Amino acid sequence: MILLTQDVEELILRDSRKRLPEEACGVVAGRRSGRVKLALLALPCKNVSPVPEAEYEISPRELLEVAELIEEEGLEILGFYHSHPGGSPVPSAIDESRAVWEGASYLIASAEGSLASWLWDGKKFIREECIVLISFSCSGMRGK
């Protein structure tokens, strides 16, 4: 399960609308406690794909920079987000062929403004419960 703050949800959806007709992409960071992830940050990244209308790619250099920033904040990478400008928030064949972060959440935003999360188990995507929190407390979710 992944819990999103309302700010994280709004940032992902706003970034997805802003980058139309291209796919938006970024990194989701926060804390985890057992199987529950709490997403506290969504960090937009440049889509460096040669066909950004159909797929996304984050450069290794930018991913490293974002990972260092997340670590400095005492958080961890929980997963990634991207948009499907012309489709539903379901992983595509391209998404599945490129997923490599086992245990990561892959959030996908549709052009209509819906958001779904998928857990990569190393072989396939599994639909992951995604709950948006209006208000929350971080006690009990400290560190790794």
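Extension gain, Glu102 to Ser49, is 16.9 nm, computed as 0.36 nm per intervening residue step minus the present C-alpha separation. If you plug the beta carbon distance of Ile126 and Ser33 into 1/(1 + (r/R0)^6) with R0 = 25 Å, you get a FRET efficiency near 0.80.
Among the chymotrypsin sites (Phe, Trp or Tyr not before Pro) found in the stretch 64-117, those both in a DSSP coil and sparsely packed, with 15 or fewer other Cβ atoms within 10 Å of their Cβ, are Trp101.
Placing pseudo-labels 7 Å out from each Cα toward the beta carbon at Glu73 and Val90 gives an inter-label distance of 3.2 nm. Calculate I(q)/I(0) for the chain by the Debye formula, one identical point scatterer on each C-alpha and no solvent, and give its log10 at q = 0.10, 0.12, 0.20 Å⁻¹ to two decimals. Log10 I(q)/I(0), no solvent term: -0.30, -0.43, -1.28. Computed over the stretch 15-61, the Cα gyration tensor eigenvalues convert (square root of 5λ each) into semi-axes of 25, 12, 9 Å, ordered from largest to smallest. In the chain, the DSSP beta bridges split such that about 65 percent are antiparallel, to the nearest 5. Solvent-accessible area assigned to carbon and sulfur over the stretch 57-96 amounts to 53 percent, based on a 1.4 Å probe.
Per the Debye calculation on the stretch 46-101 with a single equal scatterer at every Cα and no solvent contribution, log₁₀ I(q)/I(0) for q = 0.25 Å⁻¹ amounts to -1.12.
The values are calculated or read from the model by the stated rules, or taken from the named source; none is laboratory data. Note that the coordinates shown come from a computational prediction; the quantities given were computed from them, not determined experimentally. Reconstructed Cβ throughout: ideal geometry from the backbone, glycine too, with neighbour counts over all protein chains shown. All accessible areas refer to the heavy atoms of the entire protein, side chains included, with ligands and DNA or RNA removed. Shrake-Rupley method; radii C 1.70, N 1.55, O 1.52, S 1.80 Å.
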